[in-house]
Amino acid sequence: NGLYQGIEIFYPKESNYLEYTNALMEIKKQFPNIEFVMHLPHGKPYSLTDFNIYKENLKIMKDAISYASQFGVKKLTLHLGFVDLEKDRNSYIEHIVFVLKDLCEFAKGYGMYVMLENMPSKNELGYSPDEIFTIIKLVNVENLKFILDTGHANVSEYEIIDYVNLLKEYLLHLHLNDNDGSRDMHAPFGKGNIDFKKFLTLMEEINYDGLYCLEILYNTKEELENNAKALLSYKN
């Protein structure tokens with residue numbers, strides 16, 4: 001019905017690899033103009049900041065990128081990983097710069113952008129606007145960008161506008177969802193305290209022209225449609 005122009009996909013586990021891949025192929029066949037975005041594997045098992053397992057996880061990320069190429073993916077959402085708050089944060093930044101140079105070079109071979117997502121907790125790298133900005137500047141490659149998650153920003157000690165003001169030149173994608181500031185709820189618009197009318201005005205002011213990806217939990221097709229219509233209502 002024209003409400004959605006994109007879909008964010010994942011790298012499937014072996015247990016449902018064929019079923020998931022076939023479903024995506026069917027979507028691509030039915031909607032040839034829809035944009036596919038890949039959310040790379042995330043969570044502690046896939047952390048790129050864990051010095052003991054980052055090499056294995058870097059390979060998994062590369063496998064996911066190769067998988068994504070069959071769907072014409074150009075944008076890759078990435079969570080950097082977790083940190084020990086007792087350790088020097090700069091050591092993690094130095095490490096992730098090395099890892100990202102490798103990952104971005106691999107993604108470049110497929111014509112893809114790697115997008116760093118702002119995270120909701122201090123124990124994750126990519127928490128503050130400054131930290132994300134510093135990492136992007138240190139890696140210093142054309143295909144490293146930023147994805148803003150409104151829910152993550154609202155849970156953090158920073159304001160959404162803090163991320164936008166510092167990182168707008170790198171902003172390539174959005175995750176939109178609401179919460180009350182206490183936790184990352186992935187709630188529908190209006191169920192939390194984020195001012196989405198103000199947010200959409202901000203996006204217009206910076207001339208953002210990418211996808212507005214709704215990362216909202218839903219159970220039915222009707223809820224999926226209503227979430228999109230709710231976002232559109234803020235523009236009126």
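The values are calculated or read from the model by the stated rules, or taken from the named source; none is laboratory data. Please read these numbers as outputs of a predicted model, since none were measured by experiment. When we count neighbours, we look across all protein chains shown, and the Cβ atoms used for this are built from the backbone with ideal geometry, even at glycine. With ligands, DNA and RNA removed, areas are computed over all heavy atoms of the protein, side chains included. Shrake-Rupley method; radii C 1.70, N 1.55, O 1.52, S 1.80 Å.
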Relative to the present Cα-Cα distance, how much length would full extension add between E223 and S69 at 0.36 nm per residue of separation?
52.4 nm
Taking a crude spin-label model, label points 7 Å out from Cα along the C-beta direction, the K137 to S233 distance in nm is 4.2
Which residues does the label zone of A23 cover in segment 55-71, counting backbone N under 18 Å from a point 7 Å along Cα→Cβ?
68, 71
GluC sites (Glu not before Pro) restricted to segment 135-212 and DSSP loop, no more than 10 other C-beta within 10 Å:
E142, E157
What distance in nm lies between label points placed 7 Å from Cα along the C-beta direction at L3 and E204?
2.2
Would you work out the relative contact order for the chain, in percent, from Cα pairs under 8 angstrom that are 6 or more residues apart?
14
Tell me the carbon and sulfur percent of the accessible area for segment 32-78, rounded to whole percent, probe radius 1.4 Å.
53
Regarding segment 168-226, what whole-number volume in Å³ per residue does the convex hull of its Cα atoms give?
98
Segment 1-86: relative contact order from alpha carbon pairs under 8 Å, six or more residues apart, as a whole percent, is 35
With Cα extents along the principal axes in Å in mind, check (i) 69, 51, 32; (ii) 46, 41, 30; (iii) 61, 38, 33 and report the label derived from this structure.
(ii)
Roughly speaking, what is the centre-to-centre gap between segment 195-232 and segment 49-104 when only Cα atoms are used, to the nearest Å?
28
Per GNM of the chain with C-alpha springs under 10 angstrom, the most fluctuating residue out of K75, K59, K87 is K87
Pairs from K168/K198; K55/K75; K101/K122; K198/K229; K28/K229; K28/K235 whose Cα-Cα separation, in the structure shown, is over 19 Å:
K55/K75; K101/K122; K28/K229; K28/K235
Please enumerate, by chain and number, the aspartates and glutamates with C-alpha under 17 Å from the C-alpha of K108, excluding those fewer than 8 residues away in the same chain.
D63, E142
Excluding residues fewer than 8 places away in the same chain, name every one of the aspartates and glutamates whose C-alpha is closer than 13 Å to that of K145.
E117, E169
